[in-house]
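Before any comments, here is the structure.
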Amino acid sequence: MRWLVLLEPRGELTTGSLVALATTARSARLAGAELHALWTGGQAEDVMSRLRGLGIATLHAAPADHIPPLSHEAWLPLLTELVKNLEIELIVGPASALGKSWLAALAARLDAELAQDCIALGTTANGTPLVRKPLYAGKLLADLRLERQPALVTLRPASFQIERSGDALPAIAYHTMKNPNNLRSSIKEVVKVSAGMAELADARIVVSGGRGMGGADHWAVLQELCQELGAALGASRAAVDAGWIHHAHQIGQTGKAVSPDLYIACGISGAVQHLAGMRSAHKVVAINKDPTAEIFQHCDYGIVGDLFEVVPMLIQELKAQRTQAA
Ligand SMILES: Cc1cc2nc3c(=O)[nH]c(=O)nc-3n(C[C@H](O)[C@H](O)[C@H](O)COP(=O)(O)OP(=O)(O)OC[C@H]3O[C@@H](n4cnc5c(N)ncnc54)[C@H](O)[C@@H]3O)c2cc1C
């Protein structure tokens with residue numbers, strides 16, 4: 001039995017890819033599956049040290065600069081061939097935009113089962129993959145048994161512990177494309193929308209603002225809190241629709257799903273479509289001036305107050321603690 005994890009390329013190994021890898025490695029150990037990983041980001045050596053002790057038999061990669069890292073068109077034929085040749089039974093990737101689109105295209109090519117946006121992976125006693133997937137904006141958690149092979153799964157980034165045993169490194173297998181210059185599309189430039197801030201998908205802490213922010217010019221206070229905490233900035237759809245912040249920051253059913261250690265919701269009411277994107281956060285703090293706001297039913301710590309008073313107090317306290325510790 002062989003399983004494969006897709007490690008997405010974004011310069012370095014993303015937290016989403018590491019979560020997918022660590023979760024799959026744990027299940028593979030229990031199921032006795034041979035674990036493979038595919039790194040599409042360039043030099044295999046760049047990520048080797050982070051793969052130590054995870055029980056990966058082989059890391060598949062392409063020689064440097066041979067295949068463009070983000071090219072769906074270039075990688076898919078190779079990925080399909082790899083799955084068929086190695087008779088891979090389970091393919092896991094991060095539930096990022098790239099992971100979801102690549103695995104959807106791969107599932108179509110392989111005519112295989114795909115479970116997107118799962119929050120847990122395990123197996124039955126005989127090794128059949130089991131996943132947990134939120135449905136209906138997170139109101140229902142479905143446990144699905146993926147009986148057809150190969151099966152494909154994308155996993156949401158979540159708080160996790162990497163379990164390493166020993167420090168063995170995987171073997172490296174290099175693959176080449178027959179005609180790397182014959183691609184119909186090419187990526188000219190990658191523009192980071194949230195330059196200078198932590199990526200939402202990778203962040204251990206997310207600070208989000210909603211309609212309670214009251215306008216496009218009032219976000220400096222949340223940006224400062226993000227900087228103090230090393231957090232990424234999120235937003236509700238109301239804030240995005242009002243044109244106050246780019247859609248890349250939207251959390252929820254029609255935005256991104258995040259599972260950070262800490263989620264701080266500021267001026268967000270807690271609509272079910274917003275909860276769909278942050279329900280699996282480990283700890284939730286809500287700041288809202290309406291004590292009856294729905295978000296207070298879904299948080300670990302609730303602060304009833306004006307966010308423009310509460311957030312500066314938090315920043316001040318964090319700064320004071322940093323000075324004390326220095
Ligand atoms: C098909 C569909 C998909 C959707 N997808 C998404 C999605 O992906 N993500 C998403 O977020 N929404 C989504 N929505 C919209 C969702 O239903 C809500 O309308 C939206 O989440 C509300 O955003 P909000 O909480 O910022 O605004 P509101 O519901 O207006 O809440 C604003 C909150 O701010 C509080 N507040 C105001 N001023 C302050 C202050 N100074 N200090 C503290 N608190 C203050 C208020 O008490 C209030 O609770 C979707 C809706 C539909 C129909």
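Before moving on, here are some points about what is shown:
- Here the chain is treated with +1 on each Lys and Arg Cβ and -1 on each Asp and Glu Cβ, and its dipole about the Cα centre works out to around 440 debye.
- Estimated FRET transfer efficiency when R0 is 25 angstrom, pair residue 50-residue 326 (beta carbons, to 0.05): 0.25
- Share of alpha-carbon pairs per 5 Å distance bin for segment 2-174, given as whole %: 2, 9, 19, 24, 23, 14, 7, 2, 1
- Cut-off 20 Å (backbone N to label point 7 Å along Cα→Cβ of residue 1), residues of segment 53-76: 54-58
- Positive-end residue, the chain charge dipole about Cα centroid, Cβ charges, pick of 320, 274, 152: 152
- The chain, Rg to Rh (Cα coordinates; Rh as Kirkwood inverse mean 1/r): 1.00
- The length gained on full extension between residue 135 and residue 66, counted as 0.36 nm times the residue separation minus their Cα-Cα distance, comes to 20.9 nm.
- The calculated P(r) of segment 200-325, using every Cα pair and 10 Å bins from 0, goes 15, 50, 32, 4, 0 in percent.
- Across 192/283; 139/283; 133/256; 139/289; 84/256; 188/256, pairs whose alpha-carbon gap is larger than 22 Å: 192/283; 139/289; 84/256; 188/256
No value in this document is a laboratory result; all are computed from the given coordinates. As the structure is a computational prediction, the values presented were derived from the model and not from experiment. As a convention, Cβ positions derive from the backbone with ideal geometry for all residues, glycine included, and neighbour counts pool all protein chains shown.
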